[in-house]
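Before any comments, here is the structure.
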Number of protein chains: 2
Amino acid sequence: MAEALKEAEAAAEIGEVPVGAVVVYDGEIIARAHNMVETNGRSKEHAEMLALEKAEAYLGRKWLSGCDLYVTLEPCAMCAGAMVLARIDSLYIGTMDPKNGMCGSIYNVACNDKLNHRIHVERGILQEECSSILKTFFREMRIYKSALKRNNNTSEDTDR
Amino acid sequence: MAEALKEAEAAAEIGEVPVGAVVVYDGEIIARAHNMVETNGRSKEHAEMLALEKAEAYLGRKWLSGCDLYVTLEPCAMCAGAMVLARIDSLYIGTMDPKNGMCGSIYNVACNDKLNHRIHVERGILQEECSSILKTFFREMRIYKSALKRNNNTSEDTDR
């Protein structure tokens, strides 16, 4: 999770919501990524999706059995669904996301008896650090936005 | 939906599970795609994901407000989540998917009060045709697989 946090830090540095993910196979990190939604202007470029894509490319197969994914923020429906489709073994989550999280917060897509693959999920790994980087980012964004509003009477969007 | 069905037919012709999707903006089809999971060996290449990507590229923006998506099969968690992130207006579904569907069958990701975008969903559009093409495909795959098993005592995977 410390490596996923480094990815989240890299995201914050370029103005992306700080979420990072790494994929581990056979004790080694085979893919790492951070949120790239704003940079690339594509709503699907969440850290987890990019990390899964890189892992698939690295292993040369569409299923990631034997792989574990570490992510600093609880995955949304899209990312949790992609993990089920990719059949990863385990998912380690930093901090939970009550507004969008689909691995226990709103629904539990990652581990659902009706689906044909269930992921082992552990939560709260480096929870404080993973939560703190997000809080800092959004606090700074709020300060930036209110300064911008004062100057231009406009606002910009900051959704992930 | 008739155009989404044409895409599903194109998928079946290349051995993909026949699911097709189109994105409509301002009364015009701006993106169309079918399932490409087996062909490209990537678990995320569902018809809806590819259609959303093409629509984003066509419009040059990450949000697809003003767009409607027509898909022959009820979207899974990944696809439904991607639609919420892309903020499409309406989703028109051909036939429901009790095993994987996340727009009413298992969960309802597309229209959930807790999420910050809710999609207008209509179901059962050309239901019989959308269901029939899937049933035919899986029946043929079962015949093919059992013939293969008889000959080689092996089996191949047919999951979407």
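The values are calculated or read from the model by the stated rules, or taken from the named source; none is laboratory data. Computed from a predicted model, the values in this text were never measured in an experiment. Please note: Cβ atoms are built from the backbone with ideal geometry, for glycine as well, and neighbour counts cover all protein chains shown.
Would you call A:Tyr92 of a type in the set (Ser, Thr, Tyr) and surrounded by 24 or more Cβ atoms within 10 Å (Cβ to Cβ)? Walk me through it before giving the result.
Values: of a type in the set (Ser, Thr, Tyr): yes; surrounded by 24 or more Cβ atoms within 10 Å (Cβ to Cβ): no.
Against the criterion (of a type in the set (Ser, Thr, Tyr) and surrounded by 24 or more Cβ atoms within 10 Å (Cβ to Cβ)), A:Tyr92 does not qualify.
Which residue, of B:Met1, B:Met78, B:Met83, B:Met49, is within 15 Å of the chain's Cα centre (by Cα), at pLDDT 95 or above and surrounded by fewer than 24 Cβ atoms within 10 Å (Cβ to Cβ)?
B:Met1
For A:Thr136, are the conditions met, namely being of a type outside the set (A, V, I, L, M, F, W, C), at negative phi and touching a Pro at 6+ places or on another chain (Cβ under 9 Å)?
Yes, satisfied.
Please verify whether the stretch A:96-109 includes one or more residues that are more than 13 Å from the chain's Cα centre (by Cα) and of a type in the set (A, V, I, L, M). Break it down into steps so the answer makes sense when it comes.
Going residue by residue through the stretch A:96-109, those that are more than 13 Å from the chain's Cα centre (by Cα) are A:98-99, A:104-109.
Filter once more, so that each one left must be of a type in the set (A, V, I, L, M): A:106, A:109.
Yes, because at least one residue in the stretch A:96-109 is more than 13 Å from the chain's Cα centre (by Cα) and of a type in the set (A, V, I, L, M).
Report the residue count in the stretch A:41-56 for those that are in contact with a Lys or Arg (Cβ under 8 Å, 6 or more places away or on another chain) and not in a helix (DSSP H, G or I).
4
Hey, among the residues in the stretch A:109-138 that are within 9 Å of another protein chain (Cβ to nearest Cβ) and of a type in the set (S, T, N, Q), which one's surrounded by the most Cβ atoms within 10 Å (Cβ to Cβ)?
Ranking the candidates gives A:Asn112 first.
Looking at the stretch B:8-15, can you tell me whether even one residue there is over 22 Å from A:Lys62 (Cα atoms), at pLDDT 95 or above and of a type outside the set (Ser, Thr, Tyr)?
Taking every residue of the stretch B:8-15 in turn, at least one turns out to be over 22 Å from A:Lys62 (Cα atoms), at pLDDT 95 or above and of a type outside the set (Ser, Thr, Tyr).
Does A:Gly60 fit the bill of being in contact with a Gly (Cβ under 9 Å, 6 or more places away or on another chain), free of Cβ contacts under 8 Å to residues at least 24 places away in the same chain and within 13 Å of chain B (Cβ to nearest Cβ)?
Spelling it out, A:Gly60 is indeed in contact with a Gly (Cβ under 9 Å, 6 or more places away or on another chain), free of Cβ contacts under 8 Å to residues at least 24 places away in the same chain and within 13 Å of chain B (Cβ to nearest Cβ).
Would you pick out the residues in the stretch A:20-38 that are within 11 Å of chain B (Cβ to nearest Cβ) and among the β-branched types (Val, Ile, Thr)?
A:Val37, the sole residue that qualifies.
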